[in-house]
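Taking it in order: structure first as structure tokens, then the write-up.
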Amino acid sequence: MKTGARTEHRILNVMTSVLVTCSVLIRADDETFCQENTLQRNRTGLQFTKDWSTIDYVLVERHKALHCCVEEYKTIKWYKDGHQIIYNFTNGTTFRLAKGSDNTSIFTDSAIKLDNGTYKCVASNGTLTLKHVVELFTDIEMNYEGPARWTGIPKDQYAQIGESASFFCEGFIGPGNDTNQYSQVIWMKKGEINFPEGFKEVNRDGNLFKGAYLHLNRVETEDYGEYTCQISNGNPPQLINTVMLIQGG
């Protein structure tokens, strides 16, 4: 075994012995994550309550939380690379279920490179099941100077006239880039930026991530068509993705 890998395993074993005896506590900003910027749904029942990332990044030795924002569920289970995460067993990760979160969130207070992997939350109401998968990467350095990276790629949305609709996009912009004058996220329709009420920029994890919601409170005929999200941290190339608002649903 290489020296670096041996060191990582030693760190994980030490953290395991500590975490077996105590559960990770919720931080205030993590506790409110699933309560903010929720979607206005046109139906009831088991469903996710907000759009959030499917790709994520963490700096080694930093706090990190992953969330499963869902309502009207009975159980939520978390897995890393196919192995279930429980309170007193690591399965190759420092992440733990958090006290008081009803399993909607998992946390680590000090991430390590071995936390890299595929995380999945599985929510069930006893009849139906929903799954959300997040790919977590731990290869980011503190002096990262590369371009923005997608974390929340926008998706096509469906709505009937009179219903609501929401788009979401997000990117990892890296340490220090939130103050860059070229760091921005915008939504456009037909090349125009004109959303005085429905646009809301959001940042998380100490401004390592920048995203934006675009909410249409009451869809009208002229709202259907293409919408483009554009994200930049000042280092080319910028992120650009175009999606559709389609009548239906």
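All of the numbers you see were taken from the coordinates with simple rules; none came from a lab. Fair warning: this is a prediction, and the values are worked out from it, not measured in the lab. With ideal geometry, Cβ positions are generated from the backbone for all residues, glycine too; neighbour counts draw on all protein chains shown.
General observations
- The mean of 1/r over all distinct Cα pairs in segment 115-157, once inverted, gives the Kirkwood hydrodynamic radius of 13.5 Å.
- Peptide ranges 160-167, 185-192 listed from the most packed, as the mean C-beta count within 10 angstrom indicates: 160-167, 185-192
- q = 0.13, 0.17, 0.18, 0.25 Å⁻¹: log10 I(q)/I(0) that the Debye formula gives for segment 149-247, counting C-alpha atoms only: -0.44, -0.71, -0.79, -1.31
- Oblate is the label for segment 92-163, because the ratio a/c of its alpha-carbon gyration tensor axes (a ≥ b ≥ c) is 1.5 or higher and a/b is not greater than b/c.
- Subset of Lys50/Lys99; Lys113/Lys155; Lys99/Lys131; Lys74/Lys113; Lys50/Lys131; Lys131/Lys200 violating a 24 Å alpha-carbon distance limit: Lys113/Lys155; Lys74/Lys113; Lys131/Lys200
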